1. Exactly one of (1) farther than 22 Å from Asn60 by Cα; (2) loosely packed, with under 15 Cβ neighbours inside 10 Å; (3) free of Cβ contacts under 8 Å to residues at least 24 places away in the same chain is unmet by Thr130. Its number?
2. Can you tell me which condition Gly183 does not meet? The list is (1) within 17 Å of Leu10 (Cβ to Cβ); (2) touching a residue at least 40 places away in the same chain (Cβ under 8 Å); (3) buried (at least 17 other Cβ atoms within 10 Å of the Cβ), and all the others hold.
3. With respect to Arg149, is the statement that it is touching a residue at least 60 places away in the same chain (Cβ under 8 Å) and not aliphatic (A, V, I, L, M) true?
4. When you look at Lys162, is it charged (D, E, K, R) and surrounded by fewer than 16 Cβ atoms within 10 Å (Cβ to Cβ), yes or no?
5. Surrounded by 14 or more Cβ atoms within 10 Å (Cβ to Cβ) and over 17 Å from the mean Cα position of the chain (by Cα): which single residue out of Thr175, Thr80, Thr138 fits that description?
6. Consider only pairs whose beta carbons are under 9 Å apart and that are at least six residues apart or on different chains; among these, list those whose first residue lies in the stretch 102-118 and is closer than 20 Å to Thr33 by Cα and open to solvent by less than 30 Å² (accessible area, probe 1.4 Å) and whose second residue is of a type in the set (Asp, Glu) and in a helix (DSSP H, G or I).
7. What helices (runs of 4 or more DSSP H) lie completely within the stretch 1-71 and have 2 or more residues being within 26 Å of Val125 (Cβ to Cβ) and within 19 Å of the chain's Cα centre (by Cα)?
8. Within the group Arg26, Arg11, which residue is basic (Lys, Arg), exposed (fewer than 14 other Cβ atoms within 10 Å of the Cβ) and closer than 18 Å to Ala194 by Cβ?
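The values are calculated or read from the model by the stated rules, or taken from the named source; none is laboratory data. Please read all numbers here as calculations on a predicted model, not as lab measurements. Positions of Cβ are backbone-derived with ideal geometry, glycine not excepted, and every protein chain shown enters the neighbour counts. For accessibility, only protein heavy atoms count, side chains too; no ligands or nucleic acids. Shrake-Rupley method; radii C 1.70, N 1.55, O 1.52, S 1.80 Å.
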Amino acid sequence: MDHEHAHRHLRRTDPRMSALIGQSRRYNLVPATSVRPFDALAESIVYQQLNGKAAASIWNRVRALYPKRKRLDPAKVLATPDETLRAAGLSRAKIAAIKDLAAKTIDGTVPSGRALLRMSDDEIVARLTTVRGIGRWTVEMLLLFDLGRPDVWPVDDYGVRKGFAKTFGKRKLPTPKQLMKIGEKWRPYRSVAAWYFWRALDDDH
């Protein structure tokens, strides 16, 4: 993706968008050359509904169950007793989700990192949302941050909706349906637009 072109395109759509871009930390995500879907999704399951600090300490405890391994092995995770994972701080629902993710990684439902890089955004969403506990938003975060895809538009994300409302002086947050329509003008760089709406909520941009 040509970042300069993306910024020019977004700036042209509205002076308020242009001002936001001008005062924010720049979008700097690049397409991934490799990704480990199992590790990335297991981590995102751990982080669901928790604040970052609490989630990070649980994730570190889970990782510590498999010492000397840079990457998680789905077969080893599947073989780990639930009680061991409970002791690391995971809820029963999250254990079930991570084990389903492990099983679906082993059987090929969750594509390999290499296969993922060749798939379209919609194909990736369709495949990964078959895993228990993984919804569209989680996959969109993977597409946006881990894969660096340029045109992801997470309309259910509270921060994107709030950042849009703040930037454009709206008292009410747009509904996901409204935001889907509004986002058309930012194609094919809706990931970049989402990034700046998150930045609109940063104290220092």
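1. (3)
2. (2)
3. On the way: touching a residue at least 60 places away in the same chain (Cβ under 8 Å): yes; not aliphatic (A, V, I, L, M): yes.
So Arg149 passes the test.
4. Numbers: charged (D, E, K, R): yes; surrounded by fewer than 16 Cβ atoms within 10 Å (Cβ to Cβ): no.
When the stated conditions are applied, Lys162 does not pass them.
5. Thr80
6. Pro111/Glu123
7. Values: elements: 3-13, 15-23, 37-47, 52-64.
Correct list: 37-47, 52-64.
8. Details: Arg11 fails: exposed (fewer than 14 other Cβ atoms within 10 Å of the Cβ).
Only one candidate qualifies: Arg26.
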